[in-house]
1. Which order do the peptides 21-31, 240-250 come out in when sorted by mean C-beta neighbours inside 10 angstrom, highest first?
2. Over all pairs of distinct alpha carbons, what does the Kirkwood formula give as the hydrodynamic radius of segment 137-245, in Å?
3. Apply the Karplus parameterisation 6.51 cos²θ - 1.76 cosθ + 1.60, with θ equal to phi minus 60°, to every residue of segment 51-59 and state each ³J(HN,Hα) to the nearest whole Hz, in sequence, with x for glycine and proline.
4. Regarding segment 1-86, what's the average projected area of the Cα-atom convex hull, expressed in nm²?
5. Residue-wise, which Karplus ³J(HN,Hα) couplings in Hz belong to segment 142-151, taking 6.51 cos²θ - 1.76 cosθ + 1.60, θ = phi - 60°, and x for glycine or proline?
6. Per residue of segment 161-178, what does 6.51 cos²θ - 1.76 cosθ + 1.60 with θ = phi - 60° give for ³J(HN,Hα)? Whole Hz please, x for Gly and Pro, Karplus curve as stated.
7. Before anything else, pin down the relative contact order of the chain: Cα pairs under 8 Å, at least 6 apart, normalised by residue count, whole percent.
8. Return the inverse of the average 1/r over all pairs of distinct C-alpha atoms in the chain, which is the Kirkwood hydrodynamic radius, in Å to one decimal.
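Laboratory data are not the source of any read-out in this text; all were calculated from the coordinates shown. Remember, it's a predicted structure, so these values are computed and weren't measured experimentally. So basically every Cβ, Gly included, is an ideal-geometry build from the backbone, and we count neighbours across all protein chains shown.
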Amino acid sequence: MERAIAQYYAETDGLSLREFTLYGQLAQAQFYGGSLEALRFRRYDPADDCQGALIWMFDDCWGEMGWTPIDYYLRRKAAYYSIKRACKPVKVIVRRRGRTLVTRIINDTRQAYRGEVRLGWVRLDGSDAHVQDLPVFIPTNNMIEVATERIPTKAELDPRRWLYMALLHDGDRFEPDEAIYPLLPTRRLKLQAPDIQVAVSGREIELISDVYCHAVHTEDGGRVLLSDNYFDLLPGLPKRVTYLGAGDPSQAIFRAVLPARRAQRIKESV
């Protein structure tokens, strides 16, 4: 776990317990979500078919910092939500093959899916984007490959300031889905403190950020509070979640996570 935290977020020497726990959860969430997406990406692959995955380390049998998405006290870790997102019935996934990025869409439902996917490169600060919109049709219980994109050189696009994304939507039948693919670990990206705008309508909460931000969350104590938590936001694109807890949804405070620096520890924005 220390190596994972050091690779993605911060050197572990001197981290507070709170920082170590948060970064450890997020590293685990990236590995779990990414692993399941890698397996689902191979669904009906003619050369390397994979029809499913099993998770048997689901909850801890004693208190520890382990690989389960549920802790000893039956509280949800950040990985619970990355697993949930990776297992959406209709899922868009981007994976790397050498110097190219391949985008596939998996439809595990008994309904054909017709919609649109937006693909391309987005600058982290929201100032620029190179994207295209493509119509898609995925038959019931099937997979299609929709795009292959060459990874640009550092001179063409600075990997510290750009990421690749795929945004899938069909109007209203299915929840929109997205794939976000940075070319570098989180700690090496040029992230900025975001201005996250939150709008509440009944039990629905909509969030939108001016810049790309990572692991946006509200403290839920590991209990059922939101339909999604610890998610990334793309600049200018809204994210909608449902408030499932008791009380007033407008009281939820959302924060993004930035990697710690030597002179500047966890920096969060409200």
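1. Values: 21-31: 21.4, 240-250: 13.9.
Descending mean neighbour count gives 21-31, 240-250.
2. On the way: mean 1/r = 0.0616 Å⁻¹.
Over segment 137-245, the inverse of the mean reciprocal pair distance is 16.2 Å.
3. Those phi angles translate into 9, x, 8, 10, 10, 10, 9, 8, 9 Hz.
4. Numbers: hull surface 25.4 nm².
Across all orientations, segment 1-86 yields a mean hull projection of 6.3 nm².
5. 8, 9, 10, 9, 9, 7, 10, 10, 5, 6
6. Karplus-based 3J(HN,Hα) across segment 161-178 equals 10, 10, 9, 9, 9, 9, 10, 10, 8, 10, x, 8, 6, 10, 5, x, 10, 8 Hz.
7. Working: 553 pairs, mean separation 41.1, N = 270.
Once normalised by length, the contact order is 15 percent.
8. On the way: mean 1/r = 0.0513 Å⁻¹.
After inverting the pairwise mean of 1/r, the radius is 19.5 Å.
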